[in-house]
2 protein chains.
Amino acid sequence: MDQQQLFVKMAVDGWNQQIKFTNNTLDKISDEELLNEISPGKNRGIYLLGHLVAVHDQLLALLRFEDPSYPELRPVFIEAPDKAIADLPPVSQLRAQWHAVNNKFSAHIDSLQPADWFTRHASVSEEDFEKEPHRNRLNVLMSRTSHLANHRGQIVLLVPKG
Amino acid sequence: MDQQQLFVKMAVDGWNQQIKFTNNTLDKISDEELLNEISPGKNRGIYLLGHLVAVHDQLLALLRFEDPSYPELRPVFIEAPDKAIADLPPVSQLRAQWHAVNNKFSAHIDSLQPADWFTRHASVSEEDFEKEPHRNRLNVLMSRTSHLANHRGQIVLLVPKG
């Protein structure tokens, strides 16, 4: 395994681990419990789940993999804060979309060559990228791994005491 | 910048960003507010702060940088759950230790050569490391970046509404 393969493995393993942890957490919370706030006056579980689906869906485009599948989630779960929009999709739909978007990710991750991870992401110009080679696709995956960890730490608060 | 330097920059930037975010969050929460639970029945802010100090302190040893400075925090904030131990250090002390341990980190990060990040961490034998080269120091830093993001997402719940 060369250095580039090694580093890609490290970053992808970190992503997959957070996805797995988040799935384990979501499996312990019922649809009804996801309607609760993670703490009084704070975001609801359903909003955080929708937010993660919407962010990962947009990430498909940011990584130049494919167009978002659920662009309609962006205004609801990224541009608007929780409770600004009364009508949210049902939790069961968001759960299905969460798994679907992450499965798409897995397929792209599996087919991408290590060197391709070090090419630019969609929001940086080729000119800027030449000067700032760290603004690559793998770096976006790493920062979204932290984003996921951040919100998983919140969603876990809804797991009922065993 | 060669490939190895680039990887290290990406991972270290991710770590530094989470430290900065966490500091910004802690600056908005008073010592009294840190005594509150992040959600009813869940961990208190003081416990999470102590937990992060203790984990980062242990990390100094895991990365083979230096011995932990505050080994007395480990039984209180890693081995015991919140509220199991009645007497916790004052928040002001934990805040000072938080900055001290992260400053130590910064100094080690600044002086470590990129290739040294890809050497084994302290909990893997040289024999196992030969077969599993991803169990290196940089990988530990990356996984602790997610750990920090996870708990920062919880501590932020204590920031009072502006």
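Any residue that is open to solvent by 10 Å² or more (accessible area, probe 1.4 Å) and at pLDDT below 95 - is there at least one of those in the stretch A:13-29? No; the residues of the stretch A:13-29 include none that is open to solvent by 10 Å² or more (accessible area, probe 1.4 Å) and at pLDDT below 95.
Is it fair to say B:Leu73 is over 29 Å from B:Gly162 (Cα atoms), under 15 Å from the mean Cα position of the chain (by Cα) and more than 14 Å from chain A (Cβ to nearest Cβ)?
yes
Working only within the stretch A:1-22, note down all residues that are more than 20 Å from B:Ala11 (Cα to Cα) and in contact (Cβ under 8 Å) with a residue 24 or more places away in the chain.
Matches in the stretch A:1-22: A:Phe21, A:Thr22.
Just to be sure before I move on: is A:Lys9 modelled with pLDDT of 95 or more, among the basic types (Lys, Arg) and farther than 30 Å from B:Pro160 by Cα in the structure I sent? Taking the combined requirement at face value, the residue satisfies it. Where helices (runs of 4 or more DSSP H) fall entirely within the stretch B:55-156, those with at least 1 residues that are open to solvent by less than 20 Å² (accessible area, probe 1.4 Å) are at B:91-111, B:114-117, B:137-155.
The values are calculated or read from the model by the stated rules, or taken from the named source; none is laboratory data. Since this is a predicted model, take the numbers as computed values, not measurements. Positions of Cβ are generated from backbone atoms using ideal geometry, with glycine treated the same way; all protein chains shown enter the neighbour counts. For the accessible areas, the whole protein counts, side chains as well, though only heavy atoms, and no ligand, DNA or RNA atoms are used. Shrake-Rupley method; radii C 1.70, N 1.55, O 1.52, S 1.80 Å.
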